[in-house]
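The values are calculated or read from the model by the stated rules, or taken from the named source; none is laboratory data. Quick caveat, the model's predicted, so the values are computed rather than measured. Heads up, the Cβs are rebuilt from the backbone with ideal geometry, glycines too, and the neighbour counts pull from every protein chain shown. Remember, those area values only see protein heavy atoms, side chains included, never the ligands or the DNA or RNA. Shrake-Rupley method; radii C 1.70, N 1.55, O 1.52, S 1.80 Å.
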Amino acid sequence: MSVLLSGKTVVIVGAGPGFGRTLALRAAEEGASVVVAARTVTRVEEIAAEVRAAGGQAFAAPVDATDPDSVRALRETVAERVDAVHGLVYSAFAVPSMKPLAQTDHEQISRGIDLSVLGALRTTQEFTPLLEAGAKDPVEADDDTAAASPTSGRPPVSSSVVMMASAVIHHSRERYAGYKIAKTALVALGHSLATELGPRGVRINTVAPGYIYGDTLKAYFEHLAGKYGGTIDDIYQHTAEKMDLRRLPSEREIVDPVLFLLSDAASAVTGQTLTVDCGEFHN
Ligand SMILES: NC(=O)c1ccc[n+]([C@@H]2O[C@H](COP(=O)([O-])OP(=O)(O)OC[C@H]3O[C@@H](n4cnc5c(N)ncnc54)[C@H](OP(=O)(O)O)[C@@H]3O)[C@@H](O)[C@H]2O)c1
């Protein structure tokens with residue numbers, strides 16, 4: 001049986017029906033107790049119920065990541081149930097302006113930064129005490145000789161924050177400008193938080209997916225097929241031609257690298273951006 005996240009509590013902020021749902025199910029499969037949070041209460045409750053029906057542990061809670069009071073309320077709800085959080089995934093996202101900067105007003109850019117960057121910052125700051133508690137070694141108090149230390153052979157325990165960026169950070173296509181600004185700033189935030197919270201045992205990394213081939217992208221390809229002619233398969237093949245692997249990553253293929261970063265297998269990985277795009281960009 002796989003136990004990558006055994007005994008850990010993982011909070012997902014901005015859990016949607018695609019990536020967020022798959023992440024909740026996979027994290028629970030790997031032994032985590034999962035908190036599923038977003039604004040749409042019915043959806044996060046459905047995801048949590050699906051996790052429980054599959055034999056996992058999960059509960060749902062509302063959160064608006066742009067509202068400090070709401071993020072505080074989420075932290076309080078979580079703290080009523082657990083003493084520590086070991087993993088936090090920030091994936092809140094709203095479709096940005098898809099126009100060049102000349103046709104994008106500053107208010108749209110500000111909203112993108114508020115959700116992607118400040119939302120990630122306020123969520124991480126609010127959860128830092130619980131994440132710090134998650135980085136305390138459970139066996140340390142019982143057995144001095146087994147205590148984890150840089151020289152004992154057993155790595156110190158850490159907790160982990162993963163923020164969802166995008167492979168948009170690697171290109172400058174005009175219509176993605178607003179999105180690129182927000183996701184690039186998110187990567188910079190990840191670097192700074194990694195430096196600031198590393199001494200407290202909290203690792204911070206970002207994951208940059210290219211395309212995620214799920215229902216949302218399928219619907220978009222259907223739209224493109226209708227607009228330009230051809231089939232969804234034609235659009236898929238045309239898009240996949242740019243990838244080394246000649247295909248697009250599935251939701252699960254984006255989720256599993258996130259699980260790795262949440263796990264102790266990544267105990268020395270912090271301040272990094274992991275691009276997951278079937279080889280469209282090399283960095
Ligand atoms: N899909 C892709 O192809 C792709 C590619 C590259 C990167 N990514 C990144 O991967 C992550 C997940 O993508 P996705 O396609 O699964 O996104 P998604 O389906 O849109 O899910 C993101 C969720 O964020 C929630 N959200 C929006 N505003 C929020 C707020 N103020 N507070 C809390 N939650 C909020 C939304 O749920 P509520 O409306 O219920 O709050 C939404 O369901 C995102 O960060 C995205 O930028 C996606």
Does region 218-233 contain at least one residue that is open to solvent by 60 Å² or more (accessible area, probe 1.4 Å), under 30 Å from residue 3 (Cα atoms) and not in a helix (DSSP H, G or I)? no
If I filter region 203-238 down to residues being among the β-branched types (Val, Ile, Thr) and touching a helix residue (DSSP H, G or I) at 6+ places or on another chain (Cβ under 8 Å), which single residue comes out as farthest from the ligand (Cβ to nearest atom)? 231
Would you please list the contacts, defined by Cβ atoms under 8 Å and residues six or more apart or on different chains, that run from a residue in region 180-193 that is in the same structural domain as residue 119 (by TED's automatic domain parsing) and over 11 Å from residue 205 (Cα atoms) to a residue that is in a helix (DSSP H, G or I) and more than 13 Å from the ligand (Cβ to nearest atom)? 181/109; 182/109
Assess whether residue 117 counts as being more than 11 Å from the ligand (Cβ to nearest atom), within 23 Å of residue 263 (Cα to Cα) and open to solvent by less than 50 Å² (accessible area, probe 1.4 Å). no
Restricting to region 159-181, give me the number of residues that are under 15 Å from the mean Cα position of the chain (by Cα) and part of a helix (DSSP H, G or I). 1
Can you list residue pairs whose Cβ atoms sit under 8 Å apart, with the first residue in region 81-100 being in the same structural domain as residue 133 (by TED's automatic domain parsing) and the second being of a type in the set (Val, Ile, Thr) and away from the ligand (no atom under 16 Å from the Cβ)? Count only pairs 6 or more apart in sequence or on different chains. 82/9; 84/9; 85/9; 86/9; 87/9; 97/104
In region 1-107, which helices (runs of 4 or more DSSP H) lie fully inside it and hold 1 or more residues that are open to solvent by 40 Å² or more (accessible area, probe 1.4 Å), in contact with an Asp or Glu (Cβ under 9 Å, 6 or more places away or on another chain) and more than 9 Å from the ligand (Cβ to nearest atom)? 68-81
Tell me which residues, restricted to region 124-149, are at pLDDT below 65 and open to solvent by 50 Å² or more (accessible area, probe 1.4 Å). 139, 140, 141, 142, 143, 144, 145
